[in-house]
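Here the structure comes first, spelled out in structure tokens, and everything after it is commentary.
The values are calculated or read from the model by the stated rules, or taken from the named source; none is laboratory data. Small disclaimer: the values here were computed from a predicted structure and weren't measured. Note that each Cβ is placed from the backbone with ideal geometry, even for glycine, and that neighbours are counted across all protein chains shown. These area figures cover heavy atoms from the full protein model, side chains too; ligands, DNA and RNA do not enter into them. Shrake-Rupley method; radii C 1.70, N 1.55, O 1.52, S 1.80 Å.
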Amino acid sequence: MKTLYLHIGLQKTGTSTVQMFFMHPKGPLQAAGIDCLQQAIAPNQAHHNAAWDIGKHKRYRPDLPGFSELVEAARASENDRLFVSSEDFSLISSSQVKRVAESLADFDVRPILCLRNQLTWSESIFAQACKRGYTQSFGNFLKTLRKNGRTDFFNIYDAWASQFGHDKMTVMIYENYSDISDAFAELLDVKVEAQPARKNQSLNERFVKASQTVTEKCLAGKLEFDGQVIPDSMVNDVSKVMLAVGTHHPQFRGSPVFLKRKAAQEYLNRFAEMNRKIGENVSLPDSYFTLPDSRRKPRKSYDLDVDFLVECVFNNEAILKKLAA
């Protein structure tokens, strides 16, 4: 029976590194004889469309290989070990997980779930949303996460463990590794000559707050500089420029922090009982229950950060070319 490692996320736990580095056609997995089912990868370097298909997600594209194509590719593979990855598998319902189990009944499925404590995970996922144009507050974002069940890590874990067995589940704890890729290399018994480059550069709350202000200005038709105004239709172009700028300036680098210490501990406390339930099967570090002493305060935002980003946007050649068209 073929062994199929099914990496289901979570988001913001090094998934892009795994997909872009380990799953590359010339990457460590292929070198070790592990089939990543390249013919079922879509879009980018992961099996996202298969996850969207089984999860009935609005992003599913019928023109790309979906879940049935993934299953067919797995059956056709001549390798004994297979690897499938999409963090969006963590978003599907328990009934949809059951469908995955039924479709993959001929394989020895080994789900891989990466956990990160709900506080730093929520801050990271919020920062990611803001990079893509989200302009509401962190508080509103947290309400949406809870409403959609995104922070209910126990139900995510339990849905997969119930179908495939607790003994088949591998749960990697993000906080236990300086680089999560080390955990994958160890689990899959593959050789990594050098640490993979991180795909996503962390940008702190100064960048997030400043970029949100610039985005709001653009959406309101008030993003102007030296007599020029950028239309709201170019908001995605503006976001791309800001991201490119942010990664090159030290004042914007680093993991984002949005809650002061008391509020941060209160937020963690909401998940204490849930994390204790997870802890019955998975050893969780103290950071899932208590703030570490090393947690810093949120950094102050500055009007100069906004001015700097605006000036960079209006000095960008691609932006200027579109404005002149």
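Quick notes
- Set Ser287, Ser239, Ser301: member being in contact with an Asp or Glu (Cβ under 6 Å, 6 or more places away or on another chain), among the hydroxyl-bearing types (Ser, Thr, Tyr) and crowded, with 16+ Cβ neighbours inside 10 Å: Ser287
- Number of positions in the range 168-184 that are open to solvent by 30 Å² or more (accessible area, probe 1.4 Å) and not acidic (Asp, Glu): 7
- Meets criteria (in contact with a Ser or Thr (Cβ under 7 Å, 6 or more places away or on another chain), within 22 Å of Met172 (Cα to Cα) and at pLDDT below 95) for Gly27: no
- Residues of the range 136-167 satisfying the condition of being assigned to a loop (DSSP other than H, G, I, E, B), of a type outside the set (Gly, Ala, Ser) and either surrounded by 15 or more Cβ atoms within 10 Å (Cβ to Cβ) or at positive phi (or both): Arg150, Thr151, Asp152
- Where helices (runs of 4 or more DSSP H) fall entirely within the range 208-325, those with at least 1 residues that are under 22 Å from Lys12 (Cβ atoms) and free of Cβ contacts under 8 Å to residues at least 12 places away in the same chain are at 235-246, 261-269.
- Selection over the range 200-225 of residues that are of a type in the set (Gly, Ala, Ser), out of contact with any Cys (no Cβ under 8 Å at 6 or more places or on another chain) and open to solvent by less than 20 Å² (accessible area, probe 1.4 Å) gives a count of 1.
- Restricting the first member to the range 1-30 and to residues that are within 15 Å of Ile41 (Cα to Cα), and the second to residues that are acidic (Asp, Glu), the beta-carbon pairs closer than 6 Å and six or more apart or on different chains are Thr15/Glu87.
- Condition met for Asp232 (at pLDDT 95 or above and either under 23 Å from the mean Cα position of the chain (by Cα) or within 14 Å of Cys130 (Cα to Cα) (or both)): no
Listed here are the residues, each with its yes/no results for (1) open to solvent by 70 Å² or more (accessible area, probe 1.4 Å); (2) under 30 Å from Ala159 (Cβ atoms).
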{"position": "Gly227", "(1), (2)": "yes, no"}
{"position": "Ile230", "(1), (2)": "no, no"}
{"position": "Ser233", "(1), (2)": "yes, no"}
{"position": "Thr247", "(1), (2)": "no, no"}
{"position": "Phe271", "(1), (2)": "no, yes"}
{"position": "Met274", "(1), (2)": "no, yes"}
{"position": "Ser283", "(1), (2)": "yes, yes"}
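- The set of residues in the range 64-121 being open to solvent by 20 Å² or more (accessible area, probe 1.4 Å), hydroxyl-bearing (Ser, Thr, Tyr) and over 18 Å from Phe164 (Cα atoms) consists of Ser68, Thr120.
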